[in-house]
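The structure appears below as structure tokens.
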Amino acid sequence: MATSNDEMQTKPTWRRFEDGNDVWDDLTDKIFNQDRSHKCPTYVHKTPPCQGSCPSGEDIRGWLAIVRQQEKPPVGMDWKEYAFRRSTEANPFPSLMGRVCPAPCQDGCNRNELEDFVGINAVEQFIGDTAITNGYSFDPAPADTGKRIAIVGGGPAGLAAAYQLRRKGHACTIFEANEGLGGMFRFGIPGYRVPRDKLDAEIQRILDLGNIEVKLKTRIGTDVSVEQLEKDYDAILWSIGCQSGRGLPVSGWQGTPNCVTGVAFLKAFNEGRMRFTAEKVVCVGGGDTSIDVVSVARRLGHITKTNKSDLPETVIHDGYVAHDAATAAAAEGAQVTLTSLFTRDKMTAAEHEVDDATREGVTILDGVMPVELIKNDEGRAIGLKVADCTMVDGRPTPVEGTERVLEADLIVSAIGQGGDLSGLEQLDNGRGLMDSDKFYQVPGKAGHFVAGDIIRPHLLTTAIGQAWIAADSIHDYVMQEEHRRRPKVDVHHFNLLDKMTEANLAPEHFDAAAGGDLRGTSDANYAIHNYEDRSGAEVIPHDELFLGHFNFVSRNLRKEEVPSENDVLGHFHERVIGLTEPEAIDEAKRCMSCGMCFECDNCVIYCPQDAVFRVEKDSRTTGRYVATDYAKCIGCHICADVCPTGYIKMGLGE
């Protein structure tokens, strides 16, 4: 877990020795073994845990190194553009994801062992916003392969797949049932969290790759048959998401007009149709969707209703009816309550989002469960009976005697989402979702692939990561190639050979006939010597780092414009204010570069034999900053002990 708020400003708690283990042994005999030692340093690249925790598989350490000015861009390219290109290898939405991703990468960050995680989201937002401001575009797509891919669903997964497929030269057609692209980005998240100008810019940048046809308001299974897609395209990717919400498991929910799902509530708001809500709103949830619902409800407020068309459920249930904007001007504040089965510390919503909702005037009741719907004679809900609950065998159980009724004019269920496979029953796995194998193929359906929430509702970043792997699988299928084995740590890895090639330092061609068998030398320039890439198999833990190298450095926090409960009505300004360039650079410098050299010079300074040395400047690049003179090395392992990033291992010769 990430460091809690009350620990962020304290001194580091990490200690070099455990209690009682505070006496140095006599290391003289162990260190100065000289000619009897055979272990010498080798440079071992491993995946950092931030990257291993990122469902999109972003090379986070890589683009942080670029922002901190340590990894240099190619000649003629600005570092901001280079950081953008590195970050978008995996995820084409840095501006959006920097704002809304719940950042499992930050939970995994090794710096949590020292004081507080690196603000990865904040730096990513800076990269994305800078790219939009400066008009950076993707590299042109390669030559057309002649293959055409149908992508059903234009949300995060579908758009990410189109991006990855175009980078392989395949033409794409996106079929989208809604009136615009973006999926949950557009219809599930409010504009004050995902600014629509940023959303439109990042979508347009993908479409600018060309050969991406978009067909809006087109539903597969109704407007176009699956059989027609199979006939017209070489492969199909199903990325339809989960656009239907789950109702509360209480009697009478179905058919009660003012009982709606969180998905439908937010869609009506994001489409601009719902401009005010009810006087008393109760939302059941505890996740990010429920936080968006209650925050939107507080911002919209309510009006004194005069006719049925003014009721919020009217526009929520009807996709065409819209509230009158002039009427919305008379809105007053709404009483909004959020209930959660889990206690506040176990709610799935981000801690700061819950804090923001509280500041905005939302009442949060945690550890309670819905028990009964209270209705009037007209069949409308007028309240929700709840009770404190405990978990028994993983199921919520009400505590007797704790029942009470929450008055409500609108009850919103935000307890989960499901797929809508009407017209696509042949693909339904019986749970309203679709099955997938490890290559994101639909089992038993050749040429059909799947990515995103329709497999299992999860994070936006998860859908984007699945789309990348699915695009690889589609490429293999249409080009009639065997699926390559996916690595154990399946993310976008730093590649030293690519980096050396980019820096014009690629190894020379090796001619065995001319050179003979020279496998025992480290002097020739036909290979990358003394380097092992374990990134595809290993994530480097904090106990392989020398944490004593790092000082306490407070995180550069993004400023947030969170309104008070008195100011929240009509407040639709963006909440998160991005870092400035100096702040972004400073925050990137907090990265400990786990598993890769970040050029601190410790090994050079502390080597007692002067065996470790800096590579000449004209031969130096990331991952090749230092080298070892093995004629001088005595295997004392000091360089490995003082390597902050765990990049040096004592193993050469074993």
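The values are calculated or read from the model by the stated rules, or taken from the named source; none is laboratory data. Keep in mind it's a predicted model, so treat the numbers as computed, not measured. With ideal geometry, Cβ positions are generated from the backbone for all residues, glycine too; neighbour counts draw on all protein chains shown.
Screening T145, T133 for residues that are farther than 30 Å from I454 by Cβ, among the hydroxyl-bearing types (S, T, Y) and surrounded by fewer than 18 Cβ atoms within 10 Å (Cβ to Cβ) leaves exactly one candidate, T133.
Of the numbered criteria (1) on the phi < 0 side of the Ramachandran plot; (2) basic (K, R); (3) without any contact (Cβ under 8 Å) to a residue 60 or more places away in the chain, the one K198 fails is (3). Within the range 472-494, being over 21 Å from Y163 (Cα atoms), in contact (Cβ under 8 Å) with a residue 24 or more places away in the chain and not β-branched (V, I, T) holds for P487, K488. Among the residues of the range 416-434, those that are part of a loop (DSSP other than H, G, I, E, B), within 13 Å of W238 (Cα to Cα) and touching a residue at least 12 places away in the same chain (Cβ under 8 Å) comprise G419, D420, L421, L424, L433, M434.
F138 - would you say it is touching a Pro at 6+ places or on another chain (Cβ under 8 Å), over 28 Å from G548 (Cβ atoms) and not assigned by TED's automatic domain parsing to the domain that holds R205? When the stated conditions are applied, F138 passes them.
Selection of the range 78-110 for residues being assigned to a loop (DSSP other than H, G, I, E, B), at pLDDT below 95 and among the small types (G, A, S) yields only A103. Tell me whether the range 48-61 contains one or more residues that are of a type in the set (G, A, S), touching a residue at least 12 places away in the same chain (Cβ under 8 Å) and more than 29 Å from H549 (Cβ to Cβ). Taking every residue of the range 48-61 in turn, at least one turns out to be of a type in the set (G, A, S), touching a residue at least 12 places away in the same chain (Cβ under 8 Å) and more than 29 Å from H549 (Cβ to Cβ).
With D618, D610 as the choices, which residue is part of a helix (DSSP H, G or I) and exposed (fewer than 14 other Cβ atoms within 10 Å of the Cβ)?
Step by step, each of D618, D610 is checked, and only D618 is part of a helix (DSSP H, G or I) and exposed (fewer than 14 other Cβ atoms within 10 Å of the Cβ).
Among the residues of the range 395-411, none qualifies, meaning not one is among the polar types (S, T, N, Q) and within 29 Å of the chain's Cα centre (by Cα). Of the residues making up the range 398-435, those that are within 27 Å of A264 (Cα to Cα) and of a type in the set (S, T, Y) are S413, S422. When we screen V576, V615, V562, V604 for residues that are modelled with pLDDT under 95, within 25 Å of E502 (Cβ to Cβ) and aliphatic (A, V, I, L, M), the only hit is V615. Listed here are the helices (runs of 4 or more DSSP H) enclosed by the range 482-599 that have at least 1 residues being surrounded by 15 or more Cβ atoms within 10 Å (Cβ to Cβ): 496-502, 581-588.
Looking only at the range 463-481, filter to residues that are part of a loop (DSSP other than H, G, I, E, B) and not charged (D, E, K, R); which one of those is surrounded by the most Cβ atoms within 10 Å (Cβ to Cβ)?
M479
Consider only pairs whose beta carbons are under 6 Å apart and that are at least six residues apart or on different chains; among these, list those whose first residue lies in the range 149-168 and is closer than 22 Å to R219 by Cα and among the hydroxyl-bearing types (S, T, Y) and whose second residue is modelled with pLDDT of 95 or more and not in a strand (DSSP E or B). Matching pairs, first to second residue: Y163/P92; Y163/I206.
Can you tell me which residues in the range 312-341 are buried (at least 16 other Cβ atoms within 10 Å of the Cβ), touching a strand residue (DSSP E or B) at 6+ places or on another chain (Cβ under 8 Å) and either acidic (D, E) or free of Cβ contacts under 8 Å to residues at least 60 places away in the same chain (or both)? Of everything in the range 312-341, those that are buried (at least 16 other Cβ atoms within 10 Å of the Cβ), touching a strand residue (DSSP E or B) at 6+ places or on another chain (Cβ under 8 Å) and either acidic (D, E) or free of Cβ contacts under 8 Å to residues at least 60 places away in the same chain (or both) turn out to be E313, I316, A334, Q335, V336, L338, S340, L341. From the list A357, A328, the lone residue that is closer than 25 Å to E565 by Cα, in contact with a helix residue (DSSP H, G or I) (Cβ under 7 Å, 6 or more places away or on another chain) and assigned by TED's automatic domain parsing to the domain that holds F265 is A357. Mind listing just one residue for me: the one in the range 396-420 that is in contact with a Gly (Cβ under 9 Å, 6 or more places away or on another chain) and among the charged types (D, E, K, R) and, of those, nearest to V281 (Cα to Cα)? The residue in question is E407. If I go through the range 271-308 residue by residue, how many of them are over 21 Å from T358 (Cα atoms) and surrounded by fewer than 23 Cβ atoms within 10 Å (Cβ to Cβ)? Number of matching residues: 10.
Under the condition of being modelled with pLDDT under 90 and outside any loop (DSSP other than H, G, I, E, B), which residue from the range 347-361 is surrounded by the fewest Cβ atoms within 10 Å (Cβ to Cβ)? Within the range 347-361, the match that is surrounded by the fewest Cβ atoms within 10 Å (Cβ to Cβ) is H352.
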